[in-house]
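Engineer: I have a structure I would like to understand better, so I am pasting it below and will then ask my questions one at a time.
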Amino acid sequence: MINIIGSGLAGLSAAITLAKKGTASNLVSVQEAQRAQSVMAEGGINAALNVMGEDDNFMNHYEDTMKGGAYLADPNSVYGLCKNAPDIVNWLIELGVPFEMKNGKMIQRNFGGQKKKRTAYVKSSTGKMLMSALIDEARKYESKGLITRYPHHKVADLVVEDNTCKGAILKDEYSGEVITLHGPVILACGGLTGLFRCRTTGSSDNTGQLVSNLFVKGLKMGNLEMIQYHPTTIDIGDKKLLVSEAARGEGGRLMTYRNNEPYYFMEELYPEEKNLTTRDVATRAIYKIMNDKECSGDVYLDMTGIKEEIINERLSDMREELLDYFNIDLCKEPFKVKPGIHYFMGGVYVDEKHQSSIANLYAAGECACQYHGANRLGGNSLLGAIYGGKTAAENIEDVEVKITKEILKDCDECSPLFNEKIATILSEGLGIIRNEEGILKALDKCESLEKEELNKAEQNKLTFAKAMLKSALNRKESRGGHYRDDYPETDESYRKTSVAGYDQDITINFADIPERRPQ
Amino acid sequence: MRIEILRRKKGEKDSYLQVFEYEKTTDDETVLSVLNNLNLREELKDINGEKAEKIVFKSSCGQKKCGSCAMLINGRPGLACASRISQYSDTIRLEPLKKFPVIEDLVVDRSIMEENLKQMKVFFEDKAIISEKRNQVSYEASRCLQCGCCLEVCPNFSVDNNFTGMAGAMPMSRIINELDKKQLKEISKAYNKFVYNGCGKSLSCVDICPAKIKIEDMLVNSNAIAVWKRYLKD
Ligand SMILES: Cc1cc2nc3c(=O)[nH]c(=O)nc-3n(C[C@H](O)[C@H](O)[C@H](O)COP(=O)(O)OP(=O)(O)OC[C@H]3O[C@@H](n4cnc5c(N)ncnc54)[C@H](O)[C@@H]3O)c2cc1C
Ligand code: SF4
Ligand code: SF4
Ligand code: FES
């Protein structure tokens with residue numbers, strides 16, 4: 001029996017893959033799969049299907065992904081990802097995902113950092129469509145007894161003995177009962193959203209707690225400093241609402257006012273890619289424009305030049321969302337946007353097979369550090385979650401385990417106020433532009449917070465937050481999502497994965513990226 | 001503002017009303033952010049200055065995409081993250097959905113929805129068939145959040161009978177729409193038994209659906225195929 005933690009795309013993909021080969025799994029998540037962050041994904045999923053008459057192939061996809069990630073990703077993993085992408089999208093078609101079609105043919109859209117139209121989509125609701133299809137598929141295997149769901153169960157910790165994972169400790173959030181599931185584990189628990197309370201586009205269920213607890217147990221983490229700020233978000237209540245890159249993929253333009261005149265700065269600064277650079281580049285450009293005294297201080301997304309029929313066909317859901325929340329009609333007026341935290345390229349340090357530094361423990365999806373290097377391309381994480389879940393499931397061995405020690409039933413949680421404090425500190429240290437002074441200040445604040453009365457969960461999260469800051473401190477260069485104004489250049493000697501470990505204290509090392517194998 | 005919350009401790013049978021004073025931060029604040037902000041207080045106290053436990057509720061996406069935060073807001077089922085507080089007068093009353101067993105505070109057990117889908121075998125035995133023509137219905141049907149708001153207002157739904165309401169009918173509509181002929185018979189039987197025969201067609205569910213799914217269009221399509229046997233051909 002394999003235990004899968006998380007029922008987003010990565011978890012579902014793993015469970016279905018295991019079931020197809022006859023291996024049973026437990027699928028554990030804090031809430032039902034319909035509530036996982038994956039349902040929020042908007043713009044699409046990448047695969048070189050070559051349906052747009054642009055002579056695309058998977059090697060183009062490979063090259064764009066490697067370059068977009070500033071050559072920090074494992075080339076062999078990325079090769080596998082891109083090569084398998086068309087098969088994955090074809091599988092999704094077999095599951096009934098209603099991808100956009102025209103004249104009987106599938107169509108794909110432009111996305112940032114990609115030279116070809118390669119992003120398959122369903123309006124601006126791609127994640128929800130994929131999830132509905134995968135949830136139905138998982139239900140089939142559940143009815144055959146190959147998947148057992150634990151849909152309101154929070155995993156508090158894993159059982160790790162002699163650097164081997166032997167099971168998961170979960171709490172039934174309805175009954176309060178604590179259960180231990182025995183067997184190897186695939187972590188698919190999503191990104192580190194919870195470390196930046198209310199400052200991200202993601203799901204509040206992805207608290208980052210489990211990964212923090214495991215870090216302190218010795219689980220190694222990769223590239224924790226690599227955080228993606230999405231160029232276009234809007235504040236609502238207490239979160240950031242994403243305006244999908246599809247807005248620019250379909251012709252939206254970034255704009256500010258200079259001397260009271262509209263100024264489409266991306267088109268001047270990046271005459272080739274224009275509004276569709278990679279996200280790290282667009283975000284820094286916006287940041288600079290917002291701080292430029294000659295400009296108005298605000299940045300707008302102008303979609304008024306896109307034909308209304310295109311909007312209605314491809315982005316009607318986005319139009320409705322903006323109307324609903326802000327009373328903005330994107331067809332009629334440019335609207336204010338700003339960068340916001342959107343994705344975590346870093347996470348559990350895994351190899352090409354998704355094996356972590358602990359035996360019997362695999363990780364896939366956004367919780368893992370894989371495929372995206374220093375900056376993720378839009379449309380690559382849905383792909384990475386499905387392919388990663390599948391790869392982990394294909395490689396994990398269903399071994400018998402024996403738990404020897406008494407299991408600690410430790411189910412602490414961080415208080416919201418503590419989470420707010422951590423988020424404030426991290427936002428200061430790990431902003432769009434970083435430097436030693438800022439990071440050290442943030443680390444100092446962590447030291448002060450450490451002196452307060454903290455429960456175990458809070459201590460673990462604080463340690464993890466420090467590891468994030470130290471990863472950023474030690475990477476003395478700028479690359480992808482990590483920009484340091486005290487080291488503004490990319491330094492070839494840092495073309496390595498930062499690996500954070502914990503053994504009484506935090507350690508940061510830089511590990512070589514594997515050489516690309518001849519294929 | 002006055003925030004009234006119908007609360008219940010885990011494992012207990014009785015609910016109690018607790019009232020909080022709340023200073024709104026912005027005009028476009030949502031009910032969800034009110035709940036988050038109350039829990040953020042160093043010490044949560046009710047309107048009488050009595051110490052209160054943190055409020056327990058569910059949320060995930062914060063933007064109407066996951067159905068977690070469905071509750072009764074001034075008596076009407078809706079999503080906390082979709083409800084701007086500016087649309088209410090000075091008092092907002094929050095209660096758990098009433099059609100489902102209460103776990104604690106605003107959290108209810110909606111497992112029945114998944115059980116129903118399993119019972120109806122909402123999945124493809126074989127490959128789905130998609131086409132430009134079928135896509136629109138599939139898109140619409142796939143949007144169902146499994147929030148349960150439609151069930152809350154449905155006169156015919158209860159956790160004890162076998163009528164699934166629209167929370168069952170919507171995912172089912174996707175399957176029916178993309179089905180190949182082989183599976184049609186079995187699925188049609190299930191649709192008739194668990195959806196068509198139980199529905200009084202009063203359509204109270206239509207206006208309440210926070211995803212604004214075109215429920216009627218979905219039913220017309222599913223009825224045509226599964227009840228009137230007009231199998232779709234492309
Ligand atoms: C608004 C938005 C739009 C996006 N758009 C796109 C896009 O267009 N294209 C693209 O490629 N990517 C997009 N992304 C990114 C993409 O959606 C995610 O990276 C991806 O869905 C992650 O999938 P996952 O399976 O790893 O995790 P998630 O879907 O986040 O699932 C995590 C799961 O883990 C569970 N969990 C967490 N902690 C615990 C615990 N302690 N115990 C038990 N369960 C736990 C959760 O309940 C959940 O089921 C977008 C993201 C956002 C926020
Ligand atoms: S039409 Fe009426 S009976 Fe049928 S599901 Fe809707 S509310 Fe229930
Ligand atoms: S049909 Fe609408 S109201 Fe009913 S569960 Fe689905 S999204 Fe919610
Ligand atoms: S939190 Fe997802 S719908 Fe409200």
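Engineer: Any residue in the stretch A:161-176 that is more than 14 Å from chain B (Cβ to nearest Cβ) and assigned to a strand (DSSP E or B) sitting within a Cβ distance under 9 Å of a residue that is among the small types (Gly, Ala, Ser) and open to solvent by 20 Å² or more (accessible area, probe 1.4 Å)? List the pairs, counting only those 6 or more apart or interchain.
Structural biologist: From residues that are more than 14 Å from chain B (Cβ to nearest Cβ) and assigned to a strand (DSSP E or B), the pairs are A:THR164/A:ALA359; A:CYS165/A:ALA359.
Engineer: Looking at A:LEU426, A:LEU417 in this structure, which one is in a helix (DSSP H, G or I), open to solvent by 40 Å² or more (accessible area, probe 1.4 Å) and among the hydrophobic types (A, V, I, L, M, F, W, C)? Reasoning before the result, please.
Structural biologist: Details: A:LEU426 fails: open to solvent by 40 Å² or more (accessible area, probe 1.4 Å).
Answer to the selection: A:LEU417.
Engineer: Ok, one more. Could you tell me how many of the residues in the stretch B:5-53 are in a loop (DSSP other than H, G, I, E, B) and under 25 Å from the mean Cα position of the chain (by Cα)?
Structural biologist: Narrowing the stretch B:5-53 to residues in a loop (DSSP other than H, G, I, E, B): B:8-15, B:22-29, B:41-44, B:46-50, B:52-53.
In the following step, the residues that additionally are under 25 Å from the mean Cα position of the chain (by Cα) were identified as B:8-15, B:28-29.
Within the stretch B:5-53, residues that are in a loop (DSSP other than H, G, I, E, B) and under 25 Å from the mean Cα position of the chain (by Cα) number 10.
Engineer: I've got another one for you. For residues that are away from chain B (no Cβ under 12 Å), among the hydroxyl-bearing types (Ser, Thr, Tyr) and within 9 Å of ligand 1 (Cβ to nearest atom), tally how many sit in the stretch A:1-54.
Structural biologist: 1
Engineer: Which condition breaks for B:ARG143 when tested against (1) within 17 Å of the chain's Cα centre (by Cα); (2) open to solvent by 20 Å² or more (accessible area, probe 1.4 Å); (3) within 16 Å of ligand 2 (Cβ to nearest atom)?
Structural biologist: (3)
Engineer: For the stretch A:76-116, give me the residue count where each residue is open to solvent by 10 Å² or more (accessible area, probe 1.4 Å), within 20 Å of A:GLU309 (Cα to Cα) and either assigned to a helix (DSSP H, G or I) or basic (Lys, Arg) (or both).
Structural biologist: Matching residues across the stretch A:76-116 total 2.
Engineer: Right, next: Among the listed residues A:VAL39, A:VAL30, A:VAL51, identify the single one that is assigned to a helix (DSSP H, G or I) and in contact with a Lys or Arg (Cβ under 9 Å, 6 or more places away or on another chain).
Structural biologist: Values: A:VAL30 fails: assigned to a helix (DSSP H, G or I); A:VAL51 fails: assigned to a helix (DSSP H, G or I).
Testing whether each residue is assigned to a helix (DSSP H, G or I) and in contact with a Lys or Arg (Cβ under 9 Å, 6 or more places away or on another chain) leaves just A:VAL39.
Engineer: Select from the stretch A:143-154 the residues that are touching a residue at least 40 places away in the same chain (Cβ under 8 Å) and open to solvent by 20 Å² or more (accessible area, probe 1.4 Å) and list them in ascending order.
Structural biologist: Of the residues in the stretch A:143-154, the ones touching a residue at least 40 places away in the same chain (Cβ under 8 Å) are A:144-154.
If the condition is that a residue be touching a residue at least 40 places away in the same chain (Cβ under 8 Å) and open to solvent by 20 Å² or more (accessible area, probe 1.4 Å), then A:LYS144, A:GLY145, A:LEU146, A:THR148, A:ARG149, A:TYR150, A:PRO151, A:HIS152, A:LYS154 are the ones that fit.
Engineer: Right, something else. Wholly within the stretch A:186-292, which helices (runs of 4 or more DSSP H) include no fewer than the required count, namely at least 2 residues that are away from chain B (no Cβ under 14 Å) and over 15 Å from A:GLY113 (Cα atoms)?
Structural biologist: Details: elements: A:209-216, A:246-249, A:265-269, A:279-290.
Fully inside the stretch A:186-292 and qualifying: A:209-216, A:265-269, A:279-290.
Engineer: Would the stretch A:131-142 turn up any residue that is on the phi > 0 side of the Ramachandran plot and either part of a helix (DSSP H, G or I) or touching a residue at least 12 places away in the same chain (Cβ under 8 Å) (or both)? Full working, then the answer.
Structural biologist: Initial filter on the stretch A:131-142 (on the phi > 0 side of the Ramachandran plot): none.
No, because not a single residue in the stretch A:131-142 is on the phi > 0 side of the Ramachandran plot and either part of a helix (DSSP H, G or I) or touching a residue at least 12 places away in the same chain (Cβ under 8 Å) (or both).
Engineer: Of everything in the stretch B:56-67 that's free of Cβ contacts under 8 Å to residues at least 60 places away in the same chain and either assigned to a strand (DSSP E or B) or within 16 Å of ligand 1 (Cβ to nearest atom) (or both), which residue is farthest from B:PRO210 (Cα to Cα)? Spell out how you get there, then give the answer.
Structural biologist: Just the residues of the stretch B:56-67 that are free of Cβ contacts under 8 Å to residues at least 60 places away in the same chain, to begin with: B:56-63.
This time we only want the ones that are either assigned to a strand (DSSP E or B) or within 16 Å of ligand 1 (Cβ to nearest atom) (or both), so: B:57-63.
On the way: B:PHE57: 18, B:LYS58: 16, B:SER59: 15, B:SER60: 16, B:CYS61: 14, B:GLY62: 13, B:GLN63: 11 Å.
Top of the filtered list is B:PHE57.
Engineer: Please specify each residue of the stretch B:47-64 satisfying the condition of being of a type in the set (D, E, K, R) and more than 8 Å from ligand 4 (Cβ to nearest atom).
Structural biologist: Residues satisfying the conditions are B:GLU50, B:LYS51, B:GLU53, B:LYS54.
Engineer: Restricting attention to the stretch B:80-107, which residues are within 13 Å of the chain's Cα centre (by Cα) and more than 11 Å from every other protein chain (Cβ to nearest Cβ)?
Structural biologist: B:PRO96, B:LEU97, B:LYS98, B:LYS99, B:PHE100 - these are the residues of the stretch B:80-107 that are within 13 Å of the chain's Cα centre (by Cα) and more than 11 Å from every other protein chain (Cβ to nearest Cβ).
Engineer: List the number of the failed condition for B:GLY168; all other conditions in (1) away from ligand 3 (no atom under 16 Å from the Cβ); (2) closer than 28 Å to B:ALA82 by Cα hold.
Structural biologist: In the conditions (1) away from ligand 3 (no atom under 16 Å from the Cβ); (2) closer than 28 Å to B:ALA82 by Cα, B:GLY168 misses (1) alone.
Engineer: With A:SER448, A:SER498 as the choices, which residue is modelled with pLDDT of 95 or more and in contact with a strand residue (DSSP E or B) (Cβ under 9 Å, 6 or more places away or on another chain)?
Structural biologist: Working: A:SER448 fails: in contact with a strand residue (DSSP E or B) (Cβ under 9 Å, 6 or more places away or on another chain).
Just one listed residue meets the conditions, A:SER498.
Engineer: Would you confirm whether any residue within the stretch B:179-186 is farther than 24 Å from A:VAL39 by Cβ, more than 10 Å from ligand 2 (Cβ to nearest atom) and among the hydrophobic types (A, V, I, L, M, F, W, C)? Even if it seems obvious, please write down each step before you answer.
Structural biologist: First, pick out the residues of the stretch B:179-186 that are farther than 24 Å from A:VAL39 by Cβ: B:180-186.
In the following step, the residues that additionally are more than 10 Å from ligand 2 (Cβ to nearest atom) were identified as B:180-186.
Next, only the ones that are among the hydrophobic types (A, V, I, L, M, F, W, C) stay: B:184.
Scanning the stretch B:179-186 turns up at least one residue that is farther than 24 Å from A:VAL39 by Cβ, more than 10 Å from ligand 2 (Cβ to nearest atom) and among the hydrophobic types (A, V, I, L, M, F, W, C).
Engineer: Residues that are under 24 Å from A:THR391 (Cα atoms) and within 16 Å of the chain's Cα centre (by Cα): list the strands (runs of 3 or more DSSP E) wholly contained in the stretch A:298-375 that include at least 3 such residues.
Structural biologist: On the way: elements: A:299-302, A:335-344, A:347-349, A:361-363.
Counting at least 3 such residues, we get A:347-349.
Engineer: Further, regarding this structure: What is the residue count in the stretch B:108-142 for residues that are outside any loop (DSSP other than H, G, I, E, B), within 8 Å of chain A (Cβ to nearest Cβ), over 17 Å from A:ILE147 (Cα atoms) and not small (Gly, Ala, Ser)?
Structural biologist: Final tally of qualifying residues: 5.
Engineer: Exactly one of (1) within 12 Å of chain B (Cβ to nearest Cβ); (2) in contact with a Phe, Trp or Tyr (Cβ under 9 Å, 6 or more places away or on another chain); (3) assigned to a strand (DSSP E or B) is unmet by A:ARG149. Its number?
Structural biologist: (2)
Engineer: Taking A:ALA73 as the residue in question, decide whether it is in a loop (DSSP other than H, G, I, E, B), more than 28 Å from A:ASP512 (Cβ to Cβ) and touching a His at 6+ places or on another chain (Cβ under 9 Å). Step through it out loud before you land on a result.
Structural biologist: Working: in a loop (DSSP other than H, G, I, E, B): yes; more than 28 Å from A:ASP512 (Cβ to Cβ): no; touching a His at 6+ places or on another chain (Cβ under 9 Å): yes.
No: the conditions fail for A:ALA73.
Engineer: Can you spot a residue in the stretch A:474-482 that is assigned to a helix (DSSP H, G or I), at pLDDT 95 or above and buried (at least 20 other Cβ atoms within 10 Å of the Cβ)?
Structural biologist: Initial filter on the stretch A:474-482 (assigned to a helix (DSSP H, G or I)): A:474.
The next check asks that each one be at pLDDT 95 or above; those that pass are A:474.
Next, only the ones that are buried (at least 20 other Cβ atoms within 10 Å of the Cβ) stay: none.
Checking the stretch A:474-482: not a single residue is assigned to a helix (DSSP H, G or I), at pLDDT 95 or above and buried (at least 20 other Cβ atoms within 10 Å of the Cβ).
Engineer: If only one of A:LYS441, A:LYS445, A:LYS466 is in a helix (DSSP H, G or I), within 23 Å of the chain's Cα centre (by Cα) and of a type in the set (Lys, Arg), which one is it? Step through it out loud before you land on a result.
Structural biologist: Working: A:LYS441 fails: within 23 Å of the chain's Cα centre (by Cα); A:LYS445 fails: within 23 Å of the chain's Cα centre (by Cα).
Answer to the selection: A:LYS466.
Engineer: Sort through B:LYS54, B:LYS64, B:LYS45 and tell me the only one that's within 16 Å of ligand 3 (Cβ to nearest atom) and either within 10 Å of chain A (Cβ to nearest Cβ) or over 22 Å from B:CYS150 (Cα atoms) (or both).
Structural biologist: Values: B:LYS54 fails: within 16 Å of ligand 3 (Cβ to nearest atom); B:LYS45 fails: within 16 Å of ligand 3 (Cβ to nearest atom).
Within the list B:LYS54, B:LYS64, B:LYS45, the selection yields B:LYS64.
Engineer: For B:ALA70, all conditions in the list (1) within 16 Å of ligand 2 (Cβ to nearest atom); (2) more than 14 Å from chain A (Cβ to nearest Cβ) hold save one; what is the number of the exception?
Structural biologist: Just one mismatch for B:ALA70, condition (2).
Engineer: Testing A:ASP238 on (1) more than 30 Å from B:VAL102 (Cα to Cα); (2) among the acidic types (Asp, Glu); (3) in contact with a helix residue (DSSP H, G or I) (Cβ under 6 Å, 6 or more places away or on another chain), one condition comes back false. Which one is that?
Structural biologist: (1)
Engineer: While we're on this one: Pairs under 8 Å by beta carbon, first residue within 14 Å of chain B (Cβ to nearest Cβ) in the stretch A:102-115, partner of a type in the set (Gly, Ala, Ser) and in a loop (DSSP other than H, G, I, E, B), six or more apart or different chains?
Structural biologist: Note: pairs meeting the criteria are A:GLY104/B:SER131.
The values are calculated or read from the model by the stated rules, or taken from the named source; none is laboratory data. Treat the numbers as computed from the prediction; the structure is a model and nothing was measured. Every residue, glycine among them, receives a Cβ derived from its backbone with ideal geometry; neighbour counts consider all protein chains shown. Just the protein is used for accessible areas: all its heavy atoms, side chains included, with ligands, DNA and RNA removed. Shrake-Rupley method; radii C 1.70, N 1.55, O 1.52, S 1.80 Å.
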